[in-house]
Amino acid sequence: MEEIRYSINEIFASVQGEGLLAGTPAVFVRLQGCPVHCPWCDTKYSWKEDGSGTAKIPLSEVLVKDSRPRSADATLDELVNLILERWPRIPLVVITGGEPAEQPIRPLTERLIAAGKRVSLETSGFLEIDVAPETFVTVSPKITVPGGRVLDSALERADEVKMVIGDESDLAALDAITDKIPESTPISLQPLSMEESAASLCFRTAVERGGRYRVSVQLHKVLRVR
Ligand code: SF4
């Protein structure tokens, strides 16, 4: 059987700053590659193609924050062992990207959960989601960018839908897919770049609609920490 391998941009420990799990200490595993290419993306270095090429680095170097397009390859065993040995006390592992669903993430989620970690996946919902059932899935639809889409199956699987809201057009885009989101799934409105007008629109909308709507702030930007 072919060995499972991952292409990884960076791994670091921090605190989950967004969404329903905000405030939880977490190991972030940023997988390399994203087919969506949002203009506002703040992790463009996790794309495979940004015009500058993607350098191959040893696995140990993904532990150093760099913000350049680069990646290390690791087997499933190497990746799981690294996380468990380096951060034994951190309860949550966030698998993010890029678009992590491009890679075979189900075995990774299964192994981490079997080892006692809580696992969260952050995805745009652009691709099918195949993860262990216990995985907490946040779908952040990128439907306003050219070529953007979110699969119905991703919205059905989501434990949380987190929509970045810059103005009313983003709210309208969200409303166009809301009937695909199960009624029990929370919807987090996240102000684009924490701009004041976007924040006030998110607050107003959450208060007017109530129910499952909530506001997600980016703690790191508010508190100015990484
Ligand atoms: S889906 Fe996420 S990682 Fe991909 S381009 Fe958009 S914001 Fe960036």
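The values are calculated or read from the model by the stated rules, or taken from the named source; none is laboratory data. Just so it is clear, the model here is predicted, and its values are computed rather than measured. Reconstructed Cβ throughout: ideal geometry from the backbone, glycine too, with neighbour counts over all protein chains shown. Quick note on the areas: whole protein, heavy atoms, side chains included, nothing else; ligands and nucleic acids left out. Shrake-Rupley method; radii C 1.70, N 1.55, O 1.52, S 1.80 Å.
For the chain, DSSP calls about 30 percent of its internal beta bridges antiparallel.
The residues of the chain expose on average 47 square angstrom of accessible surface per residue, using a 1.4 Å probe on protein heavy atoms. Please report the carbon-and-sulfur percent of the accessible area for the chain; probe 1.4 Å, protein heavy atoms only, DNA, RNA and ligands left out. The C+S portion of the solvent-accessible surface of the chain is 52 percent. Of the Cα atoms belonging to the chain, the radius of gyration and Dmax stand at 17.1, 54 Å. The local environment of T75, defined by Cβ-Cβ distances under 10 Å, has a net charge of -3 under the rule Lys, Arg +1 and Asp, Glu -1.
Return the single residue from D170, D73, D179 with maximal mean-square fluctuation; model: Gaussian network over the chain, springs between Cα atoms under 10 Å. Largest GNM mean-square fluctuation: D179. Here the extension length gained between V215 and R149 equals 21.5 nm, from 0.36 nm per residue of separation less the Cα-Cα distance. Based on Cα contacts under 8 Å between residues 6+ apart, the chain shows a relative contact order of 17 percent.
Which lysines have a Cα lying under 23 Å from the Cα of K48, excluding residues fewer than 8 positions away in the same chain? Partners found: K56, K65, K142. The distance from the alpha carbon centre of the stretch 49-98 to that of the stretch 107-154 is 18 Å, rounded to a whole number. Among the trypsin sites (Lys or Arg not before Pro) in the stretch 75-112, those located in a DSSP loop and surrounded by at most 10 other Cβ atoms within 10 Å of their own Cβ are R89. Result for the chain in a Gaussian network model with C-alpha springs under 10 Å: among E160, E128, E85, the largest mean-square fluctuation is at E85.
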